[in-house]
1. When region 7-59 is examined, which residues are found to be within 26 Å of residue 82 (Cβ to Cβ), in a helix (DSSP H, G or I) and of a type in the set (Val, Ile, Thr)?
2. Across region 20-66, what is the number of residues that are of a type in the set (Ser, Thr, Tyr), within 19 Å of residue 88 (Cβ to Cβ) and in contact (Cβ under 8 Å) with a residue 24 or more places away in the chain?
3. When region 1-45 is examined, which residues are found to be among the polar types (S, T, N, Q), open to solvent by 60 Å² or more (accessible area, probe 1.4 Å) and either in contact with a helix residue (DSSP H, G or I) (Cβ under 6 Å, 6 or more places away or on another chain) or at pLDDT 95 or above (or both)?
4. Provide a single number: the residues in region 46-73 that are open to solvent by 40 Å² or more (accessible area, probe 1.4 Å) and either of a type in the set (Val, Ile, Thr) or touching a Gly at 6+ places or on another chain (Cβ under 9 Å) (or both).
5. State all residues of region 85-95 that are part of a helix (DSSP H, G or I) and either of a type in the set (A, V, I, L, M) or open to solvent by less than 80 Å² (accessible area, probe 1.4 Å) (or both); if no residue qualifies, say none.
Amino acid sequence: MASKLSITKEKTAELIKEYGKGEGDSGSAEVQVAILSERIRNLTEHLKVHKKDNHTRRGLMKLIGKRRGLLKHIKDRDIEEYRELIKRLGIRDNI
């Protein structure tokens, strides 16, 4: 059984199908950003309940930094694709 802080294999497969360019495309930056965004949402909800969980908070900050780097890569490569991705994911443009 998967932890509430991680995402299930089914959810990961669903994100790959939705954001990937092909069926097995789990490595593209867009898919990685989508998976990281889902994990960030889960950790954020956890931290709303457990305010003093600093170990999880540090992990969350690391995930946010990783997502920020991937988003910067997408933005440098194709600005329109970046704008469409952040709109679909519902995240702010802060890069």
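The values are calculated or read from the model by the stated rules, or taken from the named source; none is laboratory data. Note that this is a predicted model, so its numbers are computed, not measured. Neighbour counts are summed over all protein chains in view; Cβ atoms, including those assigned to glycine, are modelled from backbone coordinates with ideal geometry. We work out accessible area using only protein heavy atoms, side chains counted, and drop any ligands, DNA or RNA first. Shrake-Rupley method; radii C 1.70, N 1.55, O 1.52, S 1.80 Å.
1. Residues satisfying the conditions are 12, 16, 31, 33, 35, 40, 44.
2. We begin by selecting, within region 20-66, every residue of a type in the set (Ser, Thr, Tyr); these are 26, 28, 37, 44, 56.
Okay, now just the ones that are also within 19 Å of residue 88 (Cβ to Cβ), so 26, 28, 37, 44.
So of that shortlist, the ones also in contact (Cβ under 8 Å) with a residue 24 or more places away in the chain come out as 37.
The total comes to 1.
3. Passing the criteria: 26, 32.
4. The total comes to 2.
5. Quick first cut of region 85-95, residues part of a helix (DSSP H, G or I) only: 85-89.
Those that are part of a helix (DSSP H, G or I) and either of a type in the set (A, V, I, L, M) or open to solvent by less than 80 Å² (accessible area, probe 1.4 Å) (or both): 85, 86, 89.
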